[in-house]
Amino acid sequence: VQLQASGGGLVQPGGSLRLSCAASGSIFSMGWYRQAPGKQRELVATITSGGTTNYSRSVKGRFTISRDNAKNSVYLQMNSLKPEDTAVYYCNGRSIAGSVNVWGQGTEVTVSS
């Protein structure tokens with residue numbers, strides 16, 4: 001399975017962005033992680049094929065993850081963006097047993113006035 005992410009960019013604080021990630025095949029769990037300069041990669045949100053979601057505390061209530069199983073795609077709607085959301089965002093896909101764990105290329109999100 002390969003992942004192709006898109007949708008990053010520059011946005012002002014309080015603004016919104018939508019990230020998209022398309023997989024070349026079906027996969028159980030899809031999600032987003034991010035890595036800010038000088039920091040470790042961290043979980044943003046994940047969603048299973050059945051629709052079960054998981055969010056990091058820092059984005060809960062502001063970000064919404066969704067997926068279209070027919071299109072093997074996952075989306076991240078990011079609202080009320082803050083400068084601390086600035087990072088490279090990576091799409092991730094994982095099989096139910098974890099034996100498949102793939103990453104897309106990063107897409108950069110910059111929140112700045």
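Remark: the chain carries 53 Å² of accessible area per residue (probe radius 1.4 Å; ligands, DNA and RNA excluded). Restricting region 52-102 to trypsin sites (Lys or Arg not before Pro) that sit in a DSSP loop and have at most 15 other Cβ atoms within 10 Å of their own Cβ leaves 57, 62. Taking other residues whose beta carbon is less than 14 angstrom from the beta carbon of residue 14, and scoring Lys, Arg as +1 and Asp, Glu as -1, yields 0. Measuring nothing but how far apart in sequence close Cα pairs (under 8 Å, 6+ apart) lie, relative to its length, the chain scores a relative contact order of 37 percent.
The gain in end-to-end length when the residue 99 to residue 42 segment is fully stretched comes to 18.5 nm, 0.36 nm per residue minus the alpha carbon separation.
Could you tell me the relative contact order of region 57-99? Use alpha-carbon pairs under 8 Å, at least six residues apart, and round to a whole percent. Over region 57-99, the number comes to 28 percent. Note on residue 112/residue 1: beta-carbon distance plugged into 1/(1 + (r/R0)^6) with R0 of 41 Å gives a FRET efficiency of 0.75.
Taking the protein heavy atoms of the chain in the context of the full set of protein chains, the accessible area attributed to carbon and sulfur is 47 percent at 1.4 Å.
Placing one equal scatterer on every Cα of region 1-60 and applying the Debye formula, the log10 ratio I(q)/I(0) at q = 0.12, 0.14 Å⁻¹ is -0.36, -0.49.
Mean projection of the Cα convex hull over all viewing directions, computed for the chain: 6.5 nm².
The values are calculated or read from the model by the stated rules, or taken from the named source; none is laboratory data. Predicted model only: the values in this text are computed from it and were never measured. As a convention, Cβ positions derive from the backbone with ideal geometry for all residues, glycine included, and neighbour counts pool all protein chains shown. What goes into the accessible areas is simple: the full protein's heavy atoms, side chains included, and nothing from ligands, DNA or RNA. Shrake-Rupley method; radii C 1.70, N 1.55, O 1.52, S 1.80 Å.
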